[in-house]
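The values are calculated or read from the model by the stated rules, or taken from the named source; none is laboratory data. All values reported here derive from a predicted model rather than from experimental measurement. Cβ sites come from the backbone with ideal geometry, for glycine too, and all protein chains shown count toward neighbours.
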Amino acid sequence: MGFWEVTLSLLEGLEQTCLIFALTLVLALPLGLVISFASMSKFKPLAYITKVFVWIIRGVPLMLQVIIVFYVPGFLLGTPLFSRFASVIAAFVINYACYFSEIYRGGIESISKGQYEAGQVLGMTKSQIFFKIVLKQVVKRILPPISNEVITLVKDTALARVIMIVEIIQAAQNYAAYGFMWPLFYTAVFYLIFVGILTLLFGYFEKKLDYFKA
Amino acid sequence: MALLEVKNITKSFGKTEVLKGIDFSLEQGKVLSIIGSSGSGKTTLLRCLNFLESPDTGTISINGKTIYNAEQHKKIKDDELRSMRLHFGLVFQSFNLFPQYNVIENITLAPKLRLEEEKLSAAQKKARIDEINENAWALLKKIDLTEKAKSYPCELSGGQQQRVAIARALALSPDILCFDEPTSALDPELTGEVLRVIRELKDSNCTMIVVTHEMEFAKNISDEVIFMANGVIEEQGTPEDVFDNPKSPLTQSFLSKSLESF
């Protein structure tokens, strides 16, 4: 079992890992904003329903959600609705959007009323106040908790193997079946590099926003 | 004709009646101080004038034109509210500068956003932007902070921040500039520079309403003083009338407490 052969097949697994990671992030970050607005809505039934939804999504293990999205439509309709990969993305996006929505809500609600009022007396519209004044302050405040979630996501991608997606851990486990354990331990190196890059990236963003206090 | 005419403004929050019928008027170029103890309704009155609260009853007129009538404005459209607000500027107790923008950007942000909403040719737009920038630099000179143009609010002292907030409010050329306890959040040694700017504005004929706890300042700068207590105007008149010969016992006791020296 050559080192390079293992490395190559782990890299193939890593490709799936990266795809799940990137697609989840790109879709869940904006969806989370929509959910956070719904949970802060003045229309109480919407806020209430959203809160219950977030409770369910955050309350059920992500692994179980992946299984549900993939198998349940099949049981009900007789034929699976989503491919394995699409099921993983759907479950991950909804799950992460709910976590992000709570981070957004915390950030948005932490901005002082005075910032909104200053915008109002200067004749700004609600959307100008949000996008030109509030948003950047929110981004600065939520970067640390967002980076936490993003790093967790890197490792959560391993849950995709529960429906036979061959991401990096599954790729390594295929060797374990033949009695080779070391590829499994070797995956840690890939995760560490991945998370290391993200840590540097978020550090850079935080530094970028260091020029003001909010 | 008075520049500002306020008639029968009332405002309740739940069952608490904060304003119980406020009437006053203000001439162009005059300075009105509103004094009174905490909870007397002075800040709420100021917030009503800036439409941060909508009065339950009453009217507000500028130059004889009614801009707010509680009867007709039960539900105000956002656009309408915005243009009503532009008659008034407001300087907050806690400055509320935008932390991510530097001083000059804080002053020009609102005028530039308004400009974006107008349909203008590129050349017209450029001319207007130049105008906005020029005006901002002139204001900066007025508050004596030209050298801080590129500084961020967190790099300024409280007094400097409040001066920038004044310039920011002036950048939209409001008819009336309101101050909500502009020096209450400042260290004592910093109040002077802010009060000086307000005095200079008076000298340049700016119409102002100042809610303040600085009795000496109110006495010196005002043309008109209102003493509020329990949501009504308890006493109103020239500074001499109110400070030197107060008629109402409430005014007398408030002033003797406020001016008490140790």
Note to self: Restricting to region B:103-127, and then to whatever is among the charged types (D, E, K, R) and under 28 Å from B:Leu156 (Cβ atoms), can you tell me which residue is nearest to the other protein chains (Cβ to nearest Cβ)?
What the structure shows: B:Arg114
Check: Which residue out of B:Glu117, B:Glu134, B:Glu155 is surrounded by 13 or more Cβ atoms within 10 Å (Cβ to Cβ) and free of Cβ contacts under 8 Å to residues at least 40 places away in the same chain?
Finding: B:Glu155
Margin query: Can you tell me which residue is nearest to A:Ile197 (Cα to Cα) among those in region A:126-147 that are surrounded by 16 or more Cβ atoms within 10 Å (Cβ to Cβ), within 14 Å of chain B (Cβ to nearest Cβ) and free of Cβ contacts under 8 Å to residues at least 60 places away in the same chain?
Written below: A:Val138
Checklist line | Conditions (1) farther than 24 Å from A:Glu12 by Cα; (2) crowded, with 17+ Cβ neighbours inside 10 Å: number failed by A:Lys208 | finding: (2)
Checklist line | Residue list for region B:43-93, filter: in a loop (DSSP other than H, G, I, E, B) and within 23 Å of B:Phe227 (Cα to Cα) | finding: B:Asn50, B:Phe51, B:Leu52, B:Glu53, B:Ser54, B:Pro55, B:Asp56, B:Phe92, B:Gln93
Next item on the list: Please specify each residue of region A:45-86 satisfying the condition of being surrounded by 15 or more Cβ atoms within 10 Å (Cβ to Cβ) and of a type in the set (Phe, Trp, Tyr).
Entry: A:Phe53, A:Phe70, A:Phe82, A:Phe85
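Hey, does region A:147-160 have a residue that's within 28 Å of B:Leu81 (Cα to Cα) and assigned to a helix (DSSP H, G or I)? Lay out the reasoning, then the answer.
Pass one, region A:147-160, residues within 28 Å of B:Leu81 (Cα to Cα): none.
No: region A:147-160 contains no residue that is within 28 Å of B:Leu81 (Cα to Cα) and assigned to a helix (DSSP H, G or I).
From B:Gln160, B:Gln100, grab the single residue that is in contact with a helix residue (DSSP H, G or I) (Cβ under 8 Å, 6 or more places away or on another chain) and more than 14 Å from every other protein chain (Cβ to nearest Cβ). Show your work before the answer.
Values: B:Gln100 fails: more than 14 Å from every other protein chain (Cβ to nearest Cβ).
Answer to the selection: B:Gln160.
Which of the strands (runs of 3 or more DSSP E) contained wholly in region B:157-232 include at least 2 residues that are among the β-branched types (Val, Ile, Thr) and within 12 Å of the chain's Cα centre (by Cα)? Walk me through how you get there before you give the answer.
Numbers: elements: B:176-180, B:208-211, B:224-229.
Here the list reads B:208-211.
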Next item on the list: Could you check, for region A:181-204, whether at least one of its residues is out of contact with any Ser or Thr (no Cβ under 9 Å at 6 or more places or on another chain), surrounded by 17 or more Cβ atoms within 10 Å (Cβ to Cβ) and touching a residue at least 40 places away in the same chain (Cβ under 8 Å)?
Entry: yes
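Return the residues of region B:135-156 that are within 12 Å of chain A (Cβ to nearest Cβ) and either in a loop (DSSP other than H, G, I, E, B) or among the hydroxyl-bearing types (Ser, Thr, Tyr) (or both); say none if nothing qualifies. First the steps, then the outcome.
Restricting attention to region B:135-156, the residues satisfying the condition of being within 12 Å of chain A (Cβ to nearest Cβ) are B:150-156.
Those that are within 12 Å of chain A (Cβ to nearest Cβ) and either in a loop (DSSP other than H, G, I, E, B) or among the hydroxyl-bearing types (Ser, Thr, Tyr) (or both): B:Lys150, B:Ser151, B:Tyr152, B:Leu156.
Going through B:Lys119, B:Lys112 one at a time, which residue ends up being among the basic types (Lys, Arg) and part of a loop (DSSP other than H, G, I, E, B)? Break it down into steps so the answer makes sense when it comes.
Details: B:Lys112 fails: part of a loop (DSSP other than H, G, I, E, B).
The conditions single out B:Lys119.
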Check: Which condition number in (1) more than 18 Å from the chain's Cα centre (by Cα); (2) under 19 Å from A:Val154 (Cα atoms) is the one that A:Thr79 fails?
Finding: (2)
Note to self: Given the condition at pLDDT 95 or above, more than 14 Å from chain B (Cβ to nearest Cβ) and more than 26 Å from B:Ser151 (Cα to Cα), answer yes or no: does some residue in region A:200-211 qualify?
What the structure shows: yes
